[in-house]
Structures are given as C-alpha cells and as structure tokens.
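Trainee: Just passing along the structure, written as structure tokens.
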Amino acid sequence: MQNRVFNFYAGPATLPLPVLEEAQRDLLNFNSTGMSVLEISHRAKAYDEIHHETEARLKKLLKIGADFRVLFLQGGASTQFAMVPMNFLTSEKKADYIITGAWAKKAMKEAVRFGQVNMAASTEEENFKRVPNPEELKLSSDAAYVHLTSNNTIFGTQWQSFPDFGDIPIVADMSSDILSRPFNAQKFGLIYAGAQKNLAPAGVTVVIIRQDFAETANADLPTMLKYETHLKSDSLYNTPPSFNIYLLNLVLKWLENNGGLEEMAKKNQEKAGLIYEEIDDSAGYYRGHAEAGSRSLMNITFRLPNEELEKKFIAESTEKGLIGLKGHRSVGGLRASVYNAMPLEGAKALAAFMRDFRRNNK
Ligand SMILES: *Cc1c(COP(=O)(O)O)cnc(C)c1O
C-alpha cells in the first residue's frame, strides 16, 4: 500500500487497513446479497444480522452482560451532552461534573439547562494540563450521576484509572479512548462515544447504558431524545446509520482478531511511549503539555521552542507522509493522535522524524 500515509488526525481518524479492504471487497455485493450494505433496508435480515452482531461484539469486548444495553444513535457525542441531563436530571436533582477540558465544559453547559449542576473539580486554571486527584473532588452526597471525560482529546490528558464514587453512577464521555484499554464498566451508568476517533467513521454514536440506571430516566421527553425509545426498539426506532454500524462491526472484528482490549492497551502503551520518549529525551526542545501522571495514550500534545519551528515541523512532516499533526488552537503546537488503528510503524516513523528534526533545527 504505497500511497497510504500515517494519519495523526484527531478525528475523523485513521481506520485499520484490513477494515477498509474488507469494506471495499463487500461494497458492491455484500455477503452474496447482490447489494451493497449502503442499499439494504434496515428492516431486512441481512442488515439485522450486522446490527445484532455489532452489539454482541461490543458487549463481549467490554465484558458486560445482560444488565447493560448498547445503543447506536446519531447526533454525535455533542447530542449526548444534552440527552444525558434531559433524561437524568429534573429541577430537583443534582449532577456532578468534573471539568478536565473543552468537551467536559460543553457537556456541563448543556446540563445546567435541566437541573442543578455541581462542578466537582476543574483544572482549567492550569490550562487543563492534568486531571484532578481524587482528593480534589468536591462531590455532592446525593448526585444523580457524576460526569467525566475519560480522555481529553484537545489537551492530551487521560484518567489513568477512574476514581471511586461509591454507588453514584458514572456517566462518561469516552469518545476518544473507548476500547483502547480494559476497564471495569460496572461502575458506569452510561458511557457514550462519537465513533469517529476510536471506533468507526463519523455518523454513529455508541451509548452503553446500565439497565437499572436507564430505569431512573424521565418519561416526558421528545421521542427521539428518550433513551427508552431506543432501548425498546433496539436502536431501530427510525433508520439507523447502517453503513457506519457495519464498519463499526468490522473494526470490532479486527480488535478481536488482534487480541482484544488487553493487547490493544499494550500496543497503545508502546506506541505512545515511543513519542513521549522523544519528548523526554529532548532536553526541553519538545515540551509536553500534559503532566506526566495525566498523559494520554491517545492524543500527545507538545510544543517546540518557537512557532516558526512548529510551522516548519508541520510542513516537513507532512512532506514525509506524517499527516494531521497540527495542534488545537487552545493548546497550540503539535498533537499526534495515535488511536487503536495507528500502526506501530506510524509511531516509529514519527519518533524518528522528531529525533532528526531536533538535530537539524537546533
Ligand atoms: C470529538 C469529541 C466530542 C465531540 O464529538 P461529536 O461526535 O463531534 O459531537 C466530544 N467529546 C470528546 C471527548 C471528543 O473527543
């Protein structure tokens, strides 16, 4: 595959090559149906199999059972920012939000429309270079849920482990690190993720919801904005993004064939480790944004000695087929997104480029 580049975009992001190849083979005639998945009715048996296989695969990878359900929705993670409080807050109820970045702030902004919100912690004063320590969290005693962002895509920080909130269900935005490592899902009432970072192309939003938590939801809401509607109809109340779900299924099959979440976590450690090593060994030439204890394995944010060199770095890396390294404007500098689908060779190529660039541009 001579003309494939190493794609470090934050999202939509790189997909595993075997997934794209399989989709290409299937494109005109899926499973001897004589049709593309793009064309099959969402009520047809051929689609129904894909739909339920995808759900089963996701549950198996996350090691969750019948007490959890998986939904395939639309509107992105951004719609979940509103759907979560719409369903689980009322004017009498309270929710705790932990503010670790721009996405968490957006989530909280929607929640205040529906109920009482307690900001349990924020690291904004430090430009979100870390996630809070458990001792810093000021939790309410009676919150309906506590919301956190597992990986902060823009700032390059990630919870290394999740705090213990007792019986209060965690609601987590896992858009940029879902399925990157094993974790105990049992403490989570609801997990949501826009697919376009670590799961599939843009257009499907995965929601994983614990049954007992789902039962506490408000009933009086517009049909499409109620989780209950989608739970009752198996995400088939209206037309789901069927081709995206098919691609998600292929990504999940690829994950299974590559050792599941345990193996993925090891590979992600190795890939991010190579790039952090270049930062740490550069005697301050490269400056990482995230504090060591909060470093993300998915999005690596760093700066160079000045903006001229940053521009040069981006121009020269692009020329070498290392694409999408420009950082988000709120952090500046560079960001390398190394999701599950980034091959080890990509991380090696970037690390080697960083070493050469530093030597040649003192
Ligand atoms: C990208 C991203 C979002 C926004 O997702 P959309 O699907 O575009 O709404 C929300 N949260 C996090 C953590 C993200 O990385």
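The values are calculated or read from the model by the stated rules, or taken from the named source; none is laboratory data. Only a predicted model underlies this, so the values are computations on that prediction, with no experimental measurement involved. Methodologically, a virtual Cβ is constructed for each residue, glycine included, from the backbone with ideal geometry; neighbour enumeration extends over all protein chains shown.
Trainee: Out of all the residues in the stretch 8-37, which are part of a helix (DSSP H, G or I) and over 30 Å from Val338 (Cβ atoms)?
Mentor: Phe30, Asn31, Ser32
Trainee: I'd like to verify a number: residues in the stretch 344-362 that are touching a residue at least 12 places away in the same chain (Cβ under 8 Å) and either under 19 Å from the mean Cα position of the chain (by Cα) or part of a helix (DSSP H, G or I) (or both), how many?
Mentor: 13
Trainee: All but one of (1) polar (S, T, N, Q); (2) surrounded by 14 or more Cβ atoms within 10 Å (Cβ to Cβ); (3) more than 18 Å from Ala82 (Cα to Cα) hold for Thr205, so report the exception by its number.
Mentor: Of everything listed in (1) polar (S, T, N, Q); (2) surrounded by 14 or more Cβ atoms within 10 Å (Cβ to Cβ); (3) more than 18 Å from Ala82 (Cα to Cα), Thr205 misses just condition (3).
Trainee: Looking at the stretch 70-77, is at least one residue within 15 Å of the ligand (Cβ to nearest atom) and in a helix (DSSP H, G or I)?
Mentor: So far as the stretch 70-77 goes, yes, one or more of its residues are within 15 Å of the ligand (Cβ to nearest atom) and in a helix (DSSP H, G or I).
Trainee: Taking Glu125 as meeting all but one of (1) away from the ligand (no atom under 16 Å from the Cβ); (2) more than 18 Å from Thr205 (Cβ to Cβ); (3) in contact with a strand residue (DSSP E or B) (Cβ under 7 Å, 6 or more places away or on another chain); (4) in a helix (DSSP H, G or I), write down the number of the exception.
Mentor: (3)
Trainee: Based on this model, can you work out whether Thr54 counts as more than 16 Å from the ligand (Cβ to nearest atom), among the hydroxyl-bearing types (Ser, Thr, Tyr) and either in the same structural domain as Leu297 (by TED's automatic domain parsing) or closer than 28 Å to Ser296 by Cβ (or both)?
Mentor: Taking the combined requirement at face value, the residue satisfies it.
Trainee: Can I ask one more? Just for the stretch 288-305: of the residues that are assigned to a loop (DSSP other than H, G, I, E, B) and within 21 Å of the chain's Cα centre (by Cα), which one is surrounded by the fewest Cβ atoms within 10 Å (Cβ to Cβ)?
Mentor: The qualifying residue surrounded by the fewest Cβ atoms within 10 Å (Cβ to Cβ) is Glu291.
To keep it simple, each residue is scored yes or no on (1) in the same structural domain as Ala265 (by TED's automatic domain parsing); (2) in a strand (DSSP E or B); (3) of a type in the set (Lys, Arg).
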| position | (1), (2), (3) |
| --- | --- |
| Glu92 | no, no, no |
| Ala95 | no, yes, no |
| Lys105 | no, no, yes |
| Arg113 | no, no, yes |
| Lys138 | no, no, yes |
| Phe162 | no, no, no |
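Trainee: Consider Tyr339 against the criteria (1) modelled with pLDDT of 95 or more; (2) surrounded by fewer than 22 Cβ atoms within 10 Å (Cβ to Cβ): it satisfies all of them except one. Which criterion is unmet?
Mentor: (2)
Trainee: Select, from Phe155, Phe88, Phe162, the only residue that is at pLDDT 95 or above, of a type in the set (Phe, Trp, Tyr), closer than 30 Å to Tyr276 by Cα and crowded, with 24+ Cβ neighbours inside 10 Å.
Mentor: None of the others qualify; the one that does is Phe155.
Trainee: Restricting attention to the stretch 311-336, report how many residues are of a type in the set (S, T, N, Q) and surrounded by 19 or more Cβ atoms within 10 Å (Cβ to Cβ).
Mentor: Counting residues in the stretch 311-336 that are of a type in the set (S, T, N, Q) and surrounded by 19 or more Cβ atoms within 10 Å (Cβ to Cβ) gives 1.
Trainee: Among the listed residues Leu38, Leu28, Leu71, which satisfies the condition of being among the aliphatic types (A, V, I, L, M), within 18 Å of the chain's Cα centre (by Cα) and assigned by TED's automatic domain parsing to the domain that holds Pro134?
Mentor: Exactly one residue qualifies, and that residue is Leu71.
Trainee: Right, something else. Out of the helices (runs of 4 or more DSSP H) lying entirely within the stretch 184-258, which hold 1 or more residues that are within 16 Å of the ligand (Cβ to nearest atom)?
Mentor: 242-257
Trainee: Got a number for residues in the stretch 83-105 being within 11 Å of the ligand (Cβ to nearest atom) and without any contact (Cβ under 8 Å) to a residue 40 or more places away in the chain?
Mentor: 1
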